Amino acid sequence: SSGINAEYGLESLKQSTQGVLVTANFLKGGCKREVQFLLEEYSGNRGGNRGGNRGSGEKGTTGDDVTEELAAEIAALKKEQRVFDRIELSNNMMFVAIRDPAIVSTDLVHKLLTSLKEGKQRRTRFTQKLMPVSHTCYASVEDITKTARSMLAETFHNSTPKTFSIVYKARNNNTLSREEVIKSVATVATDDDKWKESVKVHLDNPEWAVVVNVCQSIAFLGLLRDFNLLAKYNIDNLTAEWKVPEKEEKEGDGLAKEEEDVVKEGDEGVKMSGEEMGAV
């Protein structure tokens, strides 16, 4: 069984969920597997918490023993399924929901990308971006504003000097006004100018990037550190100058052939709009 399953749908994200927004050329098997491998490795959940010796089948066990063993295995499986859940959003995008509250998506991906940068490692061949998401909500200005306030209050609404930019991208959504979303989030960042002296916009190298990704009817929000230093969380660009180890490269090829998604001829993929914004 896989540590990431795809049983949860888009509707589940209207209630705030943390996770990782993944983009690739297409969601081939290699992309899905390499993302799963990295998230499990850096979260300490290698193998999806599958556990060890299930179903030992030793002779001499009683019916009660078997029943207890089966109940324990079912409980372990339920626990396993709650770690990562994959929700495919399009041919080139998926959201990996993190069900374990002990794992913080922003810390997990920051740790992962920093490790690759410092170690000069390239561990992916198909994945383009790993964007941490700390909150999801319905894609309306009202809900995004409310969610942004919840996300930013602790870090932003104090006298400690800090800089930020706003990054907004929309895919398959024509109902939201980009300018209105950015203006609303910027207002939340300074708490209606209450903290405008300590919270400043910085385009070139902000301390924090407030990222709002909209896909269909869902908004994915994250507050990210070292956004420019980590190549705007584009894992492909961050590690482009280094080579994938030969062993992982061969494994990746095999996985891609094994699980490659079928893309219908003439499929144009995902329509995209929006750009990085740091000023209002």
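All but one of (1) part of a loop (DSSP other than H, G, I, E, B); (2) in contact with a strand residue (DSSP E or B) (Cβ under 8 Å, 6 or more places away or on another chain); (3) under 30 Å from Phe26 (Cα atoms) hold for Pro206; which doesn't?
Tallying (1) part of a loop (DSSP other than H, G, I, E, B); (2) in contact with a strand residue (DSSP E or B) (Cβ under 8 Å, 6 or more places away or on another chain); (3) under 30 Å from Phe26 (Cα atoms), Pro206 fails exactly one: (3).
Report yes if Ile218 is touching a residue at least 12 places away in the same chain (Cβ under 8 Å), crowded, with 20+ Cβ neighbours inside 10 Å and touching a Ser or Thr at 6+ places or on another chain (Cβ under 9 Å), otherwise no.
Details: touching a residue at least 12 places away in the same chain (Cβ under 8 Å): yes; crowded, with 20+ Cβ neighbours inside 10 Å: yes; touching a Ser or Thr at 6+ places or on another chain (Cβ under 9 Å): yes.
Criteria met by Ile218.
Specify the residue that is farthest from Ala139 (Cα to Cα); the eligible residues are those in the stretch 195-247 that are within 14 Å of the chain's Cα centre (by Cα) and of a type in the set (Gly, Ala, Ser).
So in the stretch 195-247, the residues within 14 Å of the chain's Cα centre (by Cα) come out as 211-215, 218-224, 232-235.
Within this subset, residues satisfying the condition of being of a type in the set (Gly, Ala, Ser) are 219, 222.
On the way: Ala219: 5, Gly222: 14 Å.
So the residue we want is Gly222.
Take Glu207 and decide whether it is surrounded by fewer than 15 Cβ atoms within 10 Å (Cβ to Cβ) and modelled with pLDDT of 95 or more.
Details: surrounded by fewer than 15 Cβ atoms within 10 Å (Cβ to Cβ): no; modelled with pLDDT of 95 or more: yes.
No.
Within the bounds of the stretch 157-174, is there any residue that is in a helix (DSSP H, G or I), at pLDDT 95 or above and open to solvent by less than 40 Å² (accessible area, probe 1.4 Å)? I'd like the intermediate steps shown before the answer.
Within the stretch 157-174, the subset in a helix (DSSP H, G or I) is none.
No, the stretch 157-174 contains no residue that is in a helix (DSSP H, G or I), at pLDDT 95 or above and open to solvent by less than 40 Å² (accessible area, probe 1.4 Å).
So is Asn25 at pLDDT 65 or above and either closer than 26 Å to Cys215 by Cβ or charged (D, E, K, R) (or both) or not?
Working: at pLDDT 65 or above: yes; either closer than 26 Å to Cys215 by Cβ or charged (D, E, K, R) (or both): yes.
Yes.
Mind checking which residues of the stretch 152-166 are among the β-branched types (Val, Ile, Thr) and out of contact with any helix residue (DSSP H, G or I) (no Cβ under 8 Å at 6 or more places or on another chain)? Quick ask: steps written out before the conclusion?
Taking the stretch 152-166 as the starting set, the residues that turn out to be among the β-branched types (Val, Ile, Thr) are 155, 160, 163, 166.
Within the stretch 152-166, Thr155, Thr160, Thr163 meet the criteria.
Take the residues in the stretch 112-131 that are part of a strand (DSSP E or B) and in contact with an Asp or Glu (Cβ under 8 Å, 6 or more places away or on another chain); name whichever of them is surrounded by the most Cβ atoms within 10 Å (Cβ to Cβ).
Looking at the filtered set, the residue picked out is Thr127.
Taking the options His135, His110, name whichever one is touching a residue at least 24 places away in the same chain (Cβ under 8 Å), closer than 18 Å to Pro206 by Cα and not basic (Lys, Arg).
Working: His135 fails: closer than 18 Å to Pro206 by Cα.
Only one candidate qualifies: His110.
Output the number of the condition that Glu142 fails; it satisfies all remaining conditions of (1) of a type in the set (D, E, K, R); (2) touching a residue at least 12 places away in the same chain (Cβ under 8 Å); (3) open to solvent by 20 Å² or more (accessible area, probe 1.4 Å).
(2)
For the stretch 224-237, which residues satisfy the criterion of being open to solvent by 20 Å² or more (accessible area, probe 1.4 Å) and not polar (S, T, N, Q)?
Result: Arg225, Asp226, Leu229, Ala231, Lys232, Asp236.
The values are calculated or read from the model by the stated rules, or taken from the named source; none is laboratory data. Because the structure is a prediction, the values reported are computed rather than measured. Counting neighbours? That spans all protein chains shown, and the Cβs are built from the backbone with ideal geometry, glycine included. Keep in mind that these areas ignore ligands, DNA and RNA; they rest on the heavy atoms of the full protein, side chains included. Shrake-Rupley method; radii C 1.70, N 1.55, O 1.52, S 1.80 Å.
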